[in-house]
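Asker: Just dropping this structure here.
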Amino acid sequence: MNTAIRPQPGIMDIALYKGGASHVAGVENVVKLSSNENPLGAPDAAVEAYRRASYNLHRYPSADHAQLRAAIAEVHRLDAERIVCGAGSDEIIAFLCQAYAGPGMEVLHTAHSFGMYPISARAAGATPVEVPERERVTDVDALLAATTERTALVFIANPNNPTGTMIAASEIARLADGLPKQAILVLDGAYAEYVEGYDGGASLVESRENIVMTRTFSKIYGLGGLRVGWGYAPAAIVEVLNRVRGPFNLSNAALAAAEAAVRDTGWTEHCRAENARWRTWLGDALAEVGVPSDVSLANFVLARFSSRDEAEACNQHLMAQGLLVRHAASFNLPNCLRITVGDESACRRIVHAVRQFKDG
């Protein structure tokens with residue numbers, strides 16, 4: 001081994017990201033409820049757009065994503081010039097860390113949050129700083145207390161993953177207004193579409209110069225396999241992000257499918273309504289068998305058990321029946337299982353299996 005060849009400082013401190021399980025040895029036809037995917041899938045219009053795009057695989061994609069940005073702007077009533085697109089919102093997060101964080105700087109995130117925040121911070125040479133939450137809810141006072149002259153970025157997901165909880169716009173505004181002048185507040189809106197009437201923080205972006213909103217097509221739009229995300233930010237920040245963005249970071253097929261998906265607002269509304277219906281049912285039914293959860297505003301519930309051992313045992317019981325959920329130990333919640341809201345059959349199977357487990 002050539003010890004003279006070394007990665008940048010911080011790289012080897014990155015714990016490899018592990019996604020939700022998708023198979024169990026010896027079990028066929030599993031029900032995957034571990035990655036917060038839309039059980040209803042992508043809209044037919046997006047599937048057809050993807051199929052048509054297959055006839056142009058020899059062509060380079062648009063470098064400016066103009067058509068997709070225009071569609072997003074039209075549907076969400078935003079300024080297309082202030083939208084930047086990436087390979088999932090993960091890439092927008094990475095762009096932000098690459099452009100605004102670095103050695104000697106700090107990136108704040110809450111204790112129970114998306115693993116890509118600290119990973120992207122370390123990849124940029126910055127130091128991630130974990131800030132406590134208050135009963136699994138983002139604590140604005142704790143975040144403000146943790147800021148210093150080295151704070152470059154503050155990430156919060158609203159609704160949060162894996163808790164499903166969210167804070168009010170007034171609290172977000174208070175956080176943004178209290179940050180050091182060099183810091184950027186990043187609002188991760190991966191689950192924003194599941195909240196009726198919520199703009200993901202877009203209006204706050206438009207009223208301030210230190211807020212960026214990220215969004216994804218991987219959740220309610222059912223395009224997780226295509227990796228499409230976007231950000232909305234002040235024009236000066238968008239200009240910076242486009243300087244580090246690869247010119248062809250999204251494929252023709254991904255761009256076409258995403259444009260069709262965002263324009264199919266009827267499908268989005270249908271998915272939101274179905275998710276809300278079964279999310280409420282799932283949370284209530286789990287509570288009835290002795291497994292509480294906070295009120296979730298996303299497409300999952302965070303089921304709480306009495307201990308890590310009980311959560312792990314229940315997870316093994318579910319896996320044996322081909323029901324895959326996410327043990328939340330990697331989110332600093334070892335006594336919890338994050339359960340995606342599936343279709344009716346999946347939700348009923350989960351509750352039946354948990355009831356079996358609790359009954360012994």
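Asker: Here are the criteria: (1) farther than 19 Å from F155 by Cβ; (2) surrounded by 24 or more Cβ atoms within 10 Å (Cβ to Cβ); (3) not hydroxyl-bearing (S, T, Y). Tell me which single one R227 does not satisfy.
Answerer: Here R227 meets the rest and fails (2).
Asker: Quick one: how many residues across the range 325-340 are touching a residue at least 40 places away in the same chain (Cβ under 8 Å), out of contact with any Leu (no Cβ under 6 Å at 6 or more places or on another chain) and surrounded by 20 or more Cβ atoms within 10 Å (Cβ to Cβ)?
Answerer: Residues flagged as touching a residue at least 40 places away in the same chain (Cβ under 8 Å), out of contact with any Leu (no Cβ under 6 Å at 6 or more places or on another chain) and surrounded by 20 or more Cβ atoms within 10 Å (Cβ to Cβ) within the range 325-340 amount to 4.
Asker: Kindly establish whether R272 is in contact with a Pro (Cβ under 8 Å, 6 or more places away or on another chain), surrounded by fewer than 20 Cβ atoms within 10 Å (Cβ to Cβ) and either in contact (Cβ under 8 Å) with a residue 40 or more places away in the chain or over 29 Å from P43 (Cα atoms) (or both).
Answerer: In short, no.
Asker: Considering only the range 55-76, state which residues are assigned to a loop (DSSP other than H, G, I, E, B) and surrounded by fewer than 16 Cβ atoms within 10 Å (Cβ to Cβ).
Answerer: Of everything in the range 55-76, those that are assigned to a loop (DSSP other than H, G, I, E, B) and surrounded by fewer than 16 Cβ atoms within 10 Å (Cβ to Cβ) turn out to be L57, H58, R59, Y60, A63, D64.
Asker: Moving on to the next point. For the range 86-99: of the residues being buried (at least 22 other Cβ atoms within 10 Å of the Cβ) and over 15 Å from the mean Cα position of the chain (by Cα), which is nearest to S251 (Cα to Cα)?
Answerer: F95
Asker: Another question, then. What strands (runs of 3 or more DSSP E), lying completely within the range 139-219, carry at least 2 residues that are closer than 27 Å to C336 by Cα, touching a residue at least 60 places away in the same chain (Cβ under 8 Å) and in the same structural domain as H112 (by TED's automatic domain parsing)?
Answerer: Strands (runs of 3 or more DSSP E) meeting the threshold: 184-188, 211-216.
Asker: Can you tell me which of G200, G164, G189, G115 is in contact with a His (Cβ under 9 Å, 6 or more places away or on another chain) and among the small types (G, A, S)?
Answerer: G200
Asker: Just a yes or no: is a residue in the range 81-101 touching a residue at least 60 places away in the same chain (Cβ under 8 Å), part of a loop (DSSP other than H, G, I, E, B) and more than 15 Å from A258 (Cα to Cα)?
Answerer: no
Asker: Taking the residues in the range 172-209 that are surrounded by fewer than 21 Cβ atoms within 10 Å (Cβ to Cβ), among the acidic types (D, E) and within 18 Å of the chain's Cα centre (by Cα) as candidates, determine which candidate is nearest to A121 (Cα to Cα).
Answerer: D199
Asker: Which condition number does A298 fail, the rest of (1) buried (at least 23 other Cβ atoms within 10 Å of the Cβ); (2) not in a loop (DSSP other than H, G, I, E, B) being met?
Answerer: Single failed check for A298: (2).
Asker: Which of the residues spanning the range 317-355 are assigned to a helix (DSSP H, G or I), modelled with pLDDT under 95 and polar (S, T, N, Q)?
Answerer: Answer for the range 317-355, where residues must be assigned to a helix (DSSP H, G or I), modelled with pLDDT under 95 and polar (S, T, N, Q): just S330.
Asker: Applying the selection to the range 102-138, what residues are hydrophobic (A, V, I, L, M, F, W, C) and outside any loop (DSSP other than H, G, I, E, B)?
Answerer: V107, L108, M116, I119, A121, A123, V129, V131
Asker: Another one. When R279 is evaluated against the numbered criteria (1) more than 25 Å from L226 (Cβ to Cβ); (2) crowded, with 18+ Cβ neighbours inside 10 Å; (3) of a type in the set (D, E, K, R), which criterion, by number, is the only one it fails?
Answerer: All conditions pass for R279, except number (1).
The values are calculated or read from the model by the stated rules, or taken from the named source; none is laboratory data. The shown structure was predicted, so the numbers you read here are calculated from the model rather than taken from an experiment. Methodologically, a virtual Cβ is constructed for each residue, glycine included, from the backbone with ideal geometry; neighbour enumeration extends over all protein chains shown.
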